[in-house]
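First up is the structure itself, then whatever we jot down about it.
Please treat every number below as a calculation from the coordinates, not as lab data. Here the structure is a predicted model, which means the values were calculated and not measured. Don't worry about glycine lacking a Cβ; one is built from the backbone with ideal geometry, like all the others, and counts go over all protein chains shown.
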Amino acid sequence: MKHLKVIKYRDYFTINGSRIGLQRRHGHYPTKAIATEEAAKLLAKHTLGQLDEVIEYKNLKQCAKVFIDYENDRLDLGKIAAETLEDTKRAVRFLIGEFEDQPSKDRIKTYEGIKIGGTHLSKLDLKNFNRTNKDQIAVKIESHIQGDANTKSTAHKRVKGAKQFFKFCVRKGWIIINPLEEVNIDVHEEYKDKAPIISELNVKKIIKDGLKGEDFLHQVAVILSLSTGIRQQELRALKWADIHFDDSGIHITKAVKHKTKIINKTKTKRGVRFIAVDEVVLNKLRELKISTRYSADDDLVFATSNGTIKESKTLRELAKRISKRAGVKYIKWGDHRHYQASSLLRGLGADWAEVSSVLGHSNPTFTYKQYGHTIRNTLKSAKTSNISAKSIGLK
């Protein structure tokens, strides 16, 4: 039988396997020699009847299962991190909805997927992923990602995961173009999720009036959050063994995994840290430990009534209640962290390394990008007031 044709496609080589029941672009090989050798093996297997039955892929849902299996293999080989795999899975779910036969029961959020012209992306015929439709598909996907993501960081992860998925489909020969190959979201720009500046007056109103009527556990949770900048996932995973009364601080080692009730690693490696806690706040924690049924070292500090992990929506609803009661604009739970960062910057000045360490950021550069405007505004206000005072002869 005639040899299978090896084709150079973009920056790699592929095999035209259509004569033996495979895809027109089968495989993804770095050199022509490797592709030619693989083509000879495939032809030999076909001749001997040893090729696996060819599966005809018609939609992205089928492709997604193969792609995630491939990514799981990469995880097992240590080529990607578990967190990267989870980001990729979420990106694919956002694109096409739930594709797994048995979705994890631990996942809280489910995705319906994107529709194009009334048709779910998961059901769109793979033949539609061509150069004629490329721009239309890209614009639709990008607008959905930008519209749904709360931050550009989330949008960036979704675009990255989706691009990897489509690139895999192109390599397999299931589609001929990657609709997102020219789509980029630069998370290093000045962007909308720059940390807000939280008024100290409003925070005092939260403490004085907002906490009235809340049970003691919720009061302490808010106070600890505002005074330490601890992430809500870290607060929900905090155990009594992590509270060091003698050393006046808390040791952050774990966090509740995003959109689950699983206690896992912290968000970043630098998330494992010791945070100094004021004696007044420590006394609140001592009082809580005495009054709670769950006070063993392995018990959660802020557990539900039956000792389990609180859901993130419980804290979100708490934040709404106390803001309303205090008569201030809604201060989100995540804003507690921004307030603490601003307080640290006011006290420490532009010591980005120290503030980054307390907050558990991956690096000081990220801290500056998030909070640089805080200290710039403070310095600008001080300079402005100084000039104003001089202009009327007070200085």
Rank the residues Arg325, Arg158 as a footprinting-exposure proxy: fewest other Cβ atoms within 10 Å of their Cβ go first.
Arg325, Arg158
Report the full-extension gain for the segment Lys313 to Thr47: residue separation times 0.36 nm, less the Cα-Cα distance, to one decimal in nm.
89.8 nm
By counting other Cβ atoms within 10 Å of each Cβ, how are Tyr330, Tyr339, Tyr29 ranked from fewest to most?
Tyr330, Tyr29, Tyr339
May I ask you to list the GluC sites (Glu not before Pro) in region 208-310 that are in a DSSP loop and have at most 16 other Cβ atoms within 10 Å of their Cβ?
Glu214
In vacuum, with every alpha carbon of region 6-47 counted as one equal point scatterer, what does the Debye formula give for log10 I(q)/I(0) at q = 0.20, 0.28 Å⁻¹? Two decimals, please.
-0.51, -0.94
For region 60-172, take the convex hull of the Cα atoms, compute a quarter of its surface area, and give me that in nm², please.
7.5 nm²
Taking region 200-370, the whole-percent share of alpha-carbon pairs separated by over 22 angstrom is 42 percent
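For Lys265 and Ser153, what does the FRET efficiency come to when R0 = 25 Å and r is the distance between their Cβ atoms, rounded to the nearest 0.05?
Details: r = 18 Å, r/R0 = 0.73.
According to the calculation, E is roughly 0.85.
Order by neighbour count: Leu121, Leu22, fewest other Cβ atoms within 10 Å first, most last.
Working: Leu121 22, Leu22 19.
Going from sparsest to densest Cβ surroundings: Leu22, Leu121.
By the gyration tensor of its Cα atoms, with a ≥ b ≥ c the square roots of the eigenvalues, what is the shape of region 108-175: rounded for a/c under 1.5, prolate for a/b over b/c, or oblate? Present the calculation step by step, with values, prior to reporting the outcome.
On the way: a/c = 1.70, a/b = 1.44, b/c = 1.18.
Cα axes put region 108-175 in the prolate bin.
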Given Cβ point charges of +1 (Lys, Arg) and -1 (Asp, Glu) and nothing else, what value in debye, to the nearest 20, does the dipole of region 256-331 about its Cα centre take?
640 debye
Contact order relative to length of region 60-172, as percent, for alpha carbon pairs under 8 angstrom and 6 or more apart
33 percent
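Please tell me the relative contact order of region 200-370 in percent, rounded to the nearest whole number, where contacts are Cα pairs under 8 Å and at least six residues apart.
Relative contact order, region 200-370: 28 percent.
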Given the Cα-Cα distance of Lys320 and Phe274 and 0.36 nm per residue of separation, how much length would full extension add, in nm?
13.7 nm
